Amino acid sequence: MLYRLLCVYLALVGGLVSTSPLHHEAEEEYDPMHPQRFLFADLAPTASTDQRAKRSSASMPKLRFEPPSPNEQHAQYWNNVAQDILDRQLHKNRLNRKVAKNVIMFLGDGLSIPTLAATRVYLGDESTELSFERFPYVGLSKTYCANVQVADSACTATAYLAGVKANYGTIGLTAAAALGDCQAQNDTSNHVHSIAKWAQDAGLSTGFVTTTEVTNASPAGMYAHTANRNWEYNGAIEKDGFDPAVCQDIASQLIHGEVGKHMRVIMGGGRREFLPTHETDIDGIRGRRTDGEDLIKHWQHHHSHHRSAYVQNRVQLLETNTAHGETDYLLGLFSSKHLPYHLDADEQQIPTLSEMVSTAMDILERNDNGYFLFVEGGRIDHGHHYTQPIRAFDETVEFAKAIEMARSRTSQDNTLIVVTADHSHTMTMSGYSSRKNDILGVNNGQRADDELPYATISYANGPGYDRNVQREARLDLNRVDMRDKSFAFPSTVPLGLETHGGDDVAVFASGPWAHLFSGTYEQHFIPHAMAYAGCIGPGRTACTEQQS
Ligand SMILES: [Zn+2]
C-alpha cells in the first residue's frame, strides 16, 4: 500500500516536471538545439523596429528562409538522384588491379572537408560536385604528426610523400630529427626518401607544380631533407646560427640535390630563393641569397646538354614547345614569392594551375615508363590563414579544374589520380541558412542572441577577431561589405593568423588500385599505396605480389 502511494506520488511529480515546460511555451522552444521558430516567424515588414525587438526573444530571427525549388518538392526527384548514385556505386564491382603506369597526386593545402561543402555553395548550389568528388573511392586520412596534434605542411609532406610521420616543421627526416636541428639534418641516417625518388629509381619521370614558392614545405617534401621548413635559402640558416655548407638550404637541394637534379618539371613561384641579393628578377625584385649564387643559372648550366627551358611568365610558358616534345626539362618560376591568388592574378603574367599541369603532363607523358607528378593547390591554405574564405574557395575551384583536366586527358586504365589535403583548418559553416544563401554573406536562418546577424562562415581563431569585435560588441555584418576579397571573417580567438585544424581530411582516388584509398587510415599510408599501385619503391608492390 505504501509502495502504491509512493508510485502515485512519483507519477504526479514526474508529470509535473515533464509538463512544466509547456507553461513556458511562449518563451522556450521545444528543442532549442535545433531551432525551428525562424520557419514560422512573423516577418511582417511593417512592424516597427521597436515592435520587432519587443516581440523577438534572443534567437528570434527576422531573416527569411527560401522555399525549396519546385523539382525538389517531389520525392521522385530525390529518388532519381539516389538511383543515379546507386548506378555509380554498382560500377565499383570490378576492382581495377592494373599497374598504374602514371601516378598524379593533387594536394590541396588546407583543403578541409568543410571547405569542400562551402565551395559547392560558392559555385552556386549545395548539390554542385567538384570534379574529384566524382572519383569512385574516398577515404579519411589522419593528419597528426609525430610530435603534434595539429599538423603543419612540413611534417605532413613527409608523411604523404615519404611515408613516415615526422616532427612539426621538418621535411624528409624521421622524427629522430627535431625542428631546427642542423646536426640531425646532416645525418643521412635520419633521411627518408620520397616517392619522387622511388619513381626516379624505377626510371619514371618526375615533376611538380605548385602555386606557392617551389621551396615551400609541400613541394619540398618531394626532394628536400631539412630540419626547418623555413631554411629555403642560405641566409635563413645563417640567421639561425648554422652553416649552410653543413645544412644545405631547400633551394640548393632542389637545384643540386640527387632528386631535384633529375626533376623534369619544376613550376611555381619563389625566384627570390634562387637569386643573390645583388640581382633582381624580371619584376625588379631582389634575390635573398647571401652566397652570391644564382641558382637559376646553375639549373640552366646543369641542363644545357638537355632540351631545357626556363620560363618566367605565362606567355613564355605557352610559347614553350612542350606539346611536340621539344622540351625535356622545364623550370618555371612565375613570381618572386608565392604566385598571386588566382582572384588577384594578372592573367597575362600568371598561368593558371590547369595550364601549368597541362604543360607538365606534356613533358612527363613522353616517358614510356610513366611518371609521378605532384600538384599542389597551395594557396587554399593561405586564404584560410587570413580568414578570407573567398580566396580559399576560389583556389579550390582552380584546383578542381586542374584535376578535371588531368583526369580527362589520362586513362583510368593506367593512371592513378589521388586527391587529398595535408591538414584541415578551423573554418566552420554554421546553420541554418536557406539553400543557395550567399556562402560569403550573413546567415539568413536566424539572428544571434545579441540581435546581430552572424556569418555562415566563421573561424575558431585568426585575424578576423579584431575586425569583428568592436567595443565589447560584435561588428554588425549588415554594415560591412563581406564580399570584399580582403574581409576577414569572424573568429572567436584573436590570432594574427588562423591555425590549421586537427580533423581528418578526405582522400579521393581514381584509376588503378584506387580502392586501396577507401577507409580511415594514417596519412603516411598514402605513398605506400601509390607506390604499390605503380610498382615502385622499397615496399610491397602490385607487381611483386602478383609474381609470388
Ligand atoms: Zn598553413
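No lab work stands behind these numbers, since they all come straight from the coordinates. For clarity, every value in this text was computed on a predicted model and none was experimentally measured. Because the Cβ atoms are built from the backbone with ideal geometry, glycine has one as well, and the counts that use them run over all protein chains shown.
What separates the Cα centres of region 340-407 and region 457-510 is a distance of 24 Å. Taking a straight line from the alpha carbon of Lys436, these aspartates and glutamates sit under 14 Å away, with near neighbours fewer than eight places off in the same chain left out: Glu66, Glu72, Asp125, Glu126. Close amide H partners of Thr170, meaning residues 5 or more places away or on another chain with modelled amide H under 5 Å apart, are Cys155. Between Gln89 and His34, the simple label model (points 7 Å from Cα in the Cβ direction) yields a spacing of 2.2 nm. Between Glu126 and Asp240, the contour length at 0.36 nm per residue exceeds the Cα-Cα span by 36.3 nm.
Note on Thr128, Thr320: ascending count of other Cβ atoms within 10 Å places them as Thr128, Thr320, the fewest first.
For Thr210, the amide hydrogen comes within under 5 Å of the amide hydrogens of Met267, Gly268, Glu376, counting only partners 5 or more places away or on other chains and with H modelled in the peptide plane. Of Lys165, Lys401, Lys239, Lys337, the sequence from fewest to most neighbouring Cβ atoms within 10 angstrom is Lys239, Lys337, Lys401, Lys165. Each Lys and Arg contributes +1 and each Asp and Glu -1, all at the Cβ; summed about the Cα centre of the chain, the dipole is approximately 900 debye.
First select every other residue whose beta carbon is under 14 angstrom from the beta carbon of Leu130; then total the charges, Lys and Arg +1, Asp and Glu -1. The partial results should precede the final answer.
On the way: positive: Arg120, Arg134, Lys401, Arg407; negative: Asp125, Glu126, Glu129, Glu133, Asp394, Glu395, Glu398, Glu404.
Around Leu130, the surrounding residues sum to -4.
Using packing as a proxy for protection, rank 107-117, 299-309 so that the peptide with the highest average count of other Cβ atoms within 10 Å comes first. Present the calculation step by step, with values, prior to reporting the outcome.
Values: 107-117: 24.5, 299-309: 14.5.
In decreasing order of mean packing, 107-117, 299-309 become 107-117, 299-309.
To the nearest 10 degrees, how steeply does helix 353-364 sit against the main Cα axis of the chain, on a 0 to 90 scale? It is inclined by approximately 40 degrees.
Counting other beta carbons within 10 Å of each Cβ, put Arg474, Arg483, Arg391 in order, fewest first.
On the way: Arg474 15, Arg483 10, Arg391 22.
Lowest count first: Arg483, Arg474, Arg391.
Let me know the shape class of the chain, please: from the alpha-carbon gyration tensor, a ≥ b ≥ c as square roots of the eigenvalues, rounded when a/c is under 1.5, otherwise prolate if a/b is greater than b/c, or oblate. Mind showing how you got there, number by number?
On the way: a/c = 1.99, a/b = 1.73, b/c = 1.16.
Prolate shape, in that a/c is at least 1.5 and a/b is the bigger ratio.
State whether region 249-367 is rounded, prolate or oblate according to the following rule on the C-alpha gyration tensor (a ≥ b ≥ c being the square roots of its eigenvalues): a/c under 1.5 gives rounded; otherwise a/b larger than b/c gives prolate, and the remaining case gives oblate. Taking the square roots of the gyration eigenvalues as a ≥ b ≥ c, region 249-367 is oblate.
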